[in-house]
Every structure is written in structure tokens, then in C-alpha cells.
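What follows is a short report on a single structure.
The values are calculated or read from the model by the stated rules, or taken from the named source; none is laboratory data. What you see is a predicted model; the values in this text were computed from it and never measured. Here the Cβ positions follow ideal geometry from the backbone for every residue, glycine too, while neighbour counts run over all protein chains shown. Heads up: the accessible areas ignore ligands, DNA and RNA and are worked out on the full protein's heavy atoms, side chains in. Shrake-Rupley method; radii C 1.70, N 1.55, O 1.52, S 1.80 Å.
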Amino acid sequence: MKEIAAEMAQRPDRGEVATYIPELARVDAKSFGLVVIGAEGHVAAGGDSETLFSIQSISKVFTLTLALGRAGNRLWRRVGREPSGSPFNSIVQLERERGIPRNPFINAGAIAVTDLILSGHRPREALGDILRFMQFVADDPSIMIDEAVAASEQRTGFRNIALANYMKSFDVLENPVDFTLGVYFHHCAIAMSCRQLAMAGRFLAHLGRNPSTGLSVVQPESARRINAIMLMCGHYDGSGEFAYRVGLPGKSGVGGGVLAIAPGKASIAVWSPGLDANGNSHLGRVALELLTKRMGWSIFGA
Ligand code: GLU
């Protein structure tokens, strides 16, 4: 990990840091962190592995896990599970598909999943459930929401507001749009380090169970399915490229983080805030490609 971090520090091509809110625009483009946690719990780290960053859309993996636990297969009445081939915040596709988002990781899909978690609860309770779940899977009660990021998301989230209203017009959302969006913006604003994120992903690498605590988070079948959705949809319109180059289930966020899962082997978190044209971490992908090659971890072999 130290070698890869040193190599990444030399790279001139770093992508573009997200600028849609000031909190993300301010992040140092030179930051880079990488953490791998193996099956026995050994932590290997390089670079800024303890620095907190905004996990953004990576939170969608955990809201999907929670929603599947609550609703089971009923979830798939409200959201599909096919790759989108469209930008993460596309409204055109939603119109063609009559308000049913293509998958749980594009923004519309994640908003529909959030709405399902919210049903029967107050926004504050639903958000508390999501945060506590994150703390539980990461085995770290210090994980918090960055309130400044959440407030900025809320102030500038016009596209997400449009997507949510559009779905509401098809009765895909059950709750008041601003309640659902409030919870969505806040879970995207959770701040974590690479180490915390790699810890949180361990249950996905080990058949739904945290191998250190022995605690079961989801059924093995659910873990397998969440990994499948991460592989096909975790990098928006760049999911094919990520599978081609890295060969692991992964989920990116506009904060520059990526959670990647080497099934049976390791949970991996990488962070480099510069993004490529699809909104995925540029060096995050480059580093993961190096790592999977060196370790022989691609799920497709060599
Ligand atoms: N909060 C961001 C949004 O909803 C998340 C996008 C992302 O991380 O890709 O636009």
C-alpha cells in the first residue's frame, strides 16, 4: 500500500475535484489514501489513510443493505437493478421508465431507497438508523455526519429535488419529498476515513459477516447480490471501465472515495478527490487497478 501511495503521489494526472459545493471544492487534490483489510483483520495502509472525507454516494451501498434487510424483495418494485448507461443524475431515463429508477446507485434510485428506509419513521429517526448502522458495520461509534456538507447539498441540490418530485408524481416515493431528500443529503454527507470505510465493507467481502466480531450483518445471499449490483452499477456510466480495469465490485462517490470488495479476501477503501469525466475518482481507479494486478485479486482471474 505504501508503494502504491508513493507511486500515486508522483502522478500528474489527478482528475478534477468536485466543485458543486464549497466543502468539496476546498479539498486538497493531492490527497491520497489506501487501506486494505484482509480476512484475518490485518490492516495495510498507505498515504492519508486516516483523513476524513465525504463518502457521498458510497453511503448508497449501506442504505441499500438496510433497505434490503427491511423490505427484502419488495424493494425491487420501486427500483431496478440494471446498469444505467446514463449520467448519475439523469432525468431523461426516469421519464422513459415512468419514474422507476434503473438501479439503487444512481441518484434517483438512492433517493427511492432512502424513502423506503424513511417510511414509518421521522426523518431524524431514519437518519439515526443509517448512521448507527454505519457505526455498527465499521465497529466505530465516532463516525459522524458533516453538517456543513449536508447543508450545502440541501442548498444546491436542485437536480435531486427535481428527480424526487418527478418520482413522487409517479407515486414511487411515499414520504414528503423534502423529508426524503433531507435524509438522503445527510447520509451522503457522512465523513469517514479510508480505514473506517474499509472496516465498514468487511461484511461484503465475507458472506455478510464481520469476520472479526463474528456478527452477521446480512444473509450470504444478500451480500452476494449487493456485490453484483456494485459491479454492474457502482461507477455510474464508468462501471464497465471499472470492471474492465479493476475487476472488483466497487462503489464510488463524488468526494473521491471508492469502496472495493475482493470477495473472500479483502475490503479495500481508496480516496483521491480528483474525478474523471464520469464523476469517479481517477487515481482511485488507477490505484485499484495496480493493486488487483499485483495481488491477482480480479474476480475474473489474473
Ligand atoms: N450527494 C451527491 C448527489 O446527490 C452524491 C453524488 C455522488 O457521490 O456521486 O449529487
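Of note, Ile143 satisfies the criterion of being open to solvent by less than 10 Å² (accessible area, probe 1.4 Å), modelled with pLDDT of 95 or more and not charged (D, E, K, R). Can you confirm whether region 271-284 contains a residue that is in a loop (DSSP other than H, G, I, E, B) and among the hydroxyl-bearing types (Ser, Thr, Tyr)? Within region 271-284, one or more residues are in a loop (DSSP other than H, G, I, E, B) and among the hydroxyl-bearing types (Ser, Thr, Tyr).
For every residue, the table says whether it meets (1) over 21 Å from Asn107 (Cα atoms); (2) in contact with a strand residue (DSSP E or B) (Cβ under 7 Å, 6 or more places away or on another chain).
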{"site": "Ala198", "(1), (2)": "yes, yes"}
{"site": "Ile229", "(1), (2)": "no, no"}
{"site": "Phe242", "(1), (2)": "no, yes"}
{"site": "His282", "(1), (2)": "no, yes"}
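Looking at region 213-235, is at least one residue crowded, with 21+ Cβ neighbours inside 10 Å, within 16 Å of the ligand (Cβ to nearest atom) and more than 19 Å from Arg78 (Cα to Cα)? The answer is yes; a qualifying residue exists. Checking the stated criteria, Ile299 turns out to be modelled with pLDDT of 95 or more, farther than 25 Å from Tyr20 by Cα, among the hydrophobic types (A, V, I, L, M, F, W, C) and more than 14 Å from the chain's Cα centre (by Cα). Leu94 meets each of the listed conditions (1) open to solvent by 40 Å² or more (accessible area, probe 1.4 Å); (2) within 16 Å of the ligand (Cβ to nearest atom); (3) over 19 Å from His187 (Cα atoms); (4) not polar (S, T, N, Q) apart from (1).
Among the residues of this structure, Val137 does not count as one that is without any contact (Cβ under 8 Å) to a residue 24 or more places away in the chain and surrounded by 15 or more Cβ atoms within 10 Å (Cβ to Cβ). What's the total number of residues in region 173-191 that are in contact with a helix residue (DSSP H, G or I) (Cβ under 7 Å, 6 or more places away or on another chain), within 14 Å of the ligand (Cβ to nearest atom) and not in a helix (DSSP H, G or I)? Within region 173-191, residues that are in contact with a helix residue (DSSP H, G or I) (Cβ under 7 Å, 6 or more places away or on another chain), within 14 Å of the ligand (Cβ to nearest atom) and not in a helix (DSSP H, G or I) number 2. Taking the condition surrounded by fewer than 24 Cβ atoms within 10 Å (Cβ to Cβ), touching a strand residue (DSSP E or B) at 6+ places or on another chain (Cβ under 7 Å) and closer than 28 Å to Ala5 by Cα, does Gly250 pass? So Gly250 fails the test.
Among the residues making up region 97-117, a single one is within 16 Å of the ligand (Cβ to nearest atom), farther than 19 Å from Val254 by Cβ and of a type in the set (D, E, K, R): Asp115. The set of residues in region 51-91 that are within 16 Å of the ligand (Cβ to nearest atom), at pLDDT below 95 and open to solvent by less than 30 Å² (accessible area, probe 1.4 Å) comprises Ser84, Ser86, Ser90.
In region 255-268, what count of residues is obtained for those that are over 20 Å from Asp13 (Cα atoms) and not in a loop (DSSP other than H, G, I, E, B)?
Counting residues in region 255-268 that are over 20 Å from Asp13 (Cα atoms) and not in a loop (DSSP other than H, G, I, E, B) gives 7.
Looking only at region 147-159, filter to residues that are touching a residue at least 60 places away in the same chain (Cβ under 8 Å) and crowded, with 21+ Cβ neighbours inside 10 Å; which one of those is nearest to the ligand (Cβ to nearest atom)? Restricting to residues being touching a residue at least 60 places away in the same chain (Cβ under 8 Å) and crowded, with 21+ Cβ neighbours inside 10 Å, the top hit is Glu153.
Taking (1) within 30 Å of Ala126 (Cβ to Cβ); (2) surrounded by fewer than 20 Cβ atoms within 10 Å (Cβ to Cβ) in turn, Gln10 satisfies each apart from (1).
I'd like to check something: does region 201-209 contain any residue that is within 16 Å of the ligand (Cβ to nearest atom), modelled with pLDDT of 95 or more, open to solvent by less than 10 Å² (accessible area, probe 1.4 Å) and more than 22 Å from Asn103 (Cα to Cα)? The answer is no, given that none of the residues of region 201-209 is within 16 Å of the ligand (Cβ to nearest atom), modelled with pLDDT of 95 or more, open to solvent by less than 10 Å² (accessible area, probe 1.4 Å) and more than 22 Å from Asn103 (Cα to Cα). With respect to the conditions (1) assigned to a helix (DSSP H, G or I); (2) more than 17 Å from the chain's Cα centre (by Cα); (3) farther than 18 Å from Arg195 by Cβ; (4) of a type outside the set (Lys, Arg), Asn227 lacks only one, and its number is (2). Checked against (1) over 24 Å from Leu34 (Cβ atoms); (2) touching a strand residue (DSSP E or B) at 6+ places or on another chain (Cβ under 9 Å); (3) surrounded by fewer than 24 Cβ atoms within 10 Å (Cβ to Cβ); (4) touching a residue at least 24 places away in the same chain (Cβ under 8 Å), His186 meets all criteria but (3).
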